[in-house]
Amino acid sequence: MNPSARLRREIADRVAQALVASGQAREVWLEGALACGFAHAASDIDLRGIVDGDLPTWESRIVDGVRVDLQATAPQRVEELRHLLRSFGVRRDDLGSFRRVRASMHDLMCLRTALSYGSGRWYPVLVPEERQGYRRWAVADQAEVAASLAEDLTGLVEDGLAESVGVVCRKLESCLTALGCAAAGHPVLGDKWLPLLAGAQPRPSIDPARAETWEWFRPVQRAVTRALLDCWPVDDPLQKPPSPGAPDAGWLPQRYADGWFLRRGDVHIPITGGQLLGWLSTVSTDGA
């Protein structure tokens, strides 16, 4: 923990202790990057009070030159979020639950990082099973983002819109790094923290300008597939995958509660775990 983070943790201790001692909150949570030990010299402190009854409107305050942002949340809302983490019931033919969870991903990230103050220390709010639930949703969410960006990217490449291709490539590279971090069990904090979370893991590089065939897209296919398999391991015998058809670029896997799919845009092809392993083998023929 760097000096900026250490100072902010000390301030958070004092503010949390005062809120609990005064009865303004039954619990106080520290959230976000600071809860993970990250901060810089201009970082704010994000604290959440769990409050029974009518929620107060708290204003931000400056403590020792550092801004402390306070939010109040009802226990019922916390329980709603924890309920989402206890199951992964999204099915391909009913994506309503997926949309609801994706709309709450920021709140789920805050809950995933939350530390509760008590007896002079900070304790994780979530139990291991709930942290694993966040991991599943975060990986599935980033895989969905990757699929959307891949659809845009392949269309832009087809039309030769080089400047836009470059922009989407950088966004997709960042998404794949976030996907790898989520698969490794980290919260998806935001792009600026990805280098710290990713550590020494390899960074995917996408450059359609360097290839005349679809092979430029293989790093994307491998990264998404391996992240999903980290979260949902498959021990089936390797099988020959279905041929999704041309163009080869753009096809990516996705995992729902009802199984595996290869998808490109709105087209989904159901596959078995063994076929997924066979497909991964075909996109890894260069040994990467």
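Observations on the model:
Residues are listed down the side, and each one gets a yes or a no for (1) within 29 Å of Gly23 (Cα to Cα); (2) open to solvent by less than 50 Å² (accessible area, probe 1.4 Å); (3) not acidic (Asp, Glu):
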{"residue": "Leu108", "(1), (2), (3)": "yes, yes, yes"}
{"residue": "Ala114", "(1), (2), (3)": "yes, yes, yes"}
{"residue": "Arg121", "(1), (2), (3)": "yes, no, yes"}
{"residue": "Tyr134", "(1), (2), (3)": "no, yes, yes"}
{"residue": "Ala138", "(1), (2), (3)": "no, yes, yes"}
{"residue": "Ser174", "(1), (2), (3)": "no, yes, yes"}
{"residue": "Ala178", "(1), (2), (3)": "no, yes, yes"}
{"residue": "Cys181", "(1), (2), (3)": "no, yes, yes"}
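- Remark: pairs (first residue in segment 120-137, free of Cβ contacts under 8 Å to residues at least 12 places away in the same chain; second residue open to solvent by 80 Å² or more (accessible area, probe 1.4 Å); Cβ separation under 7 Å; 6+ apart in sequence or on different chains) are absent.
- Scanning segment 42-56 for residues that are more than 20 Å from Leu197 (Cβ to Cβ), surrounded by 11 or more Cβ atoms within 10 Å (Cβ to Cβ) and among the small types (Gly, Ala, Ser) yields a total of 1.
- Only residues that are touching a residue at least 60 places away in the same chain (Cβ under 8 Å) and farther than 15 Å from Arg61 by Cα were counted across segment 31-50, and they come to 6.
- Residue in segment 91-98 that is modelled with pLDDT of 95 or more and of a type in the set (Gly, Ala, Ser) present: no
- If the condition is being out of contact with any Asp or Glu (no Cβ under 6 Å at 6 or more places or on another chain), open to solvent by less than 50 Å² (accessible area, probe 1.4 Å), in contact (Cβ under 8 Å) with a residue 40 or more places away in the chain and within 20 Å of Leu176 (Cβ to Cβ), then segment 257-276 contributes Phe261, Arg263, Leu276.
- Counting the residues of segment 105-139 that are of a type in the set (Gly, Ala, Ser) and modelled with pLDDT of 95 or more gives 4.
- Residues of segment 64-91 that turn out to be within 20 Å of the chain's Cα centre (by Cα), of a type outside the set (D, E, K, R) and in a strand (DSSP E or B), as a count: 0
- Considering residues of segment 233-256 that are in contact (Cβ under 8 Å) with a residue 60 or more places away in the chain and outside any strand (DSSP E or B) only, the residue surrounded by the fewest Cβ atoms within 10 Å (Cβ to Cβ): Pro247
- Segment 227-275, residues that are of a type in the set (Ser, Thr, Tyr) and over 19 Å from Glu144 (Cα atoms): Ser243, Thr272
- Residue that is nearest to Pro195 (Cα to Cα) [pool: residues in segment 24-33 that are among the hydrophobic types (A, V, I, L, M, F, W, C) and in contact with a strand residue (DSSP E or B) (Cβ under 6 Å, 6 or more places away or on another chain)]: Leu30
- Among the criteria (1) of a type outside the set (Val, Ile, Thr); (2) more than 20 Å from the chain's Cα centre (by Cα); (3) open to solvent by less than 40 Å² (accessible area, probe 1.4 Å); (4) closer than 22 Å to Pro75 by Cα, the one Leu126 does not fulfil is (2).
- Selected residue [more than 30 Å from His83 (Cβ to Cβ), in a helix (DSSP H, G or I) and out of contact with any Pro (no Cβ under 8 Å at 6 or more places or on another chain)] from Leu196, Leu111: Leu196
- Among residues of segment 157-180 that are closer than 16 Å to Trp214 by Cα, those with a Cβ under 9 angstrom from a residue that is of a type in the set (Ser, Thr, Tyr) and surrounded by fewer than 17 Cβ atoms within 10 Å (Cβ to Cβ), sequence gap 6+ or separate chain, pair up as Cys169/Ser205.
- In the set (1) in contact with a helix residue (DSSP H, G or I) (Cβ under 6 Å, 6 or more places away or on another chain); (2) open to solvent by 20 Å² or more (accessible area, probe 1.4 Å); (3) within 30 Å of Ala12 (Cα to Cα), Asp230 fails one condition alone, (3).
The values are calculated or read from the model by the stated rules, or taken from the named source; none is laboratory data. What you see is a predicted model; the values in this text were computed from it and never measured. Note: ideal-geometry Cβ built from the backbone for every residue, glycine included; neighbour counts use all protein chains shown. Side chains included, ligands, DNA and RNA excluded: accessible areas come from the protein's heavy atoms. Shrake-Rupley method; radii C 1.70, N 1.55, O 1.52, S 1.80 Å.
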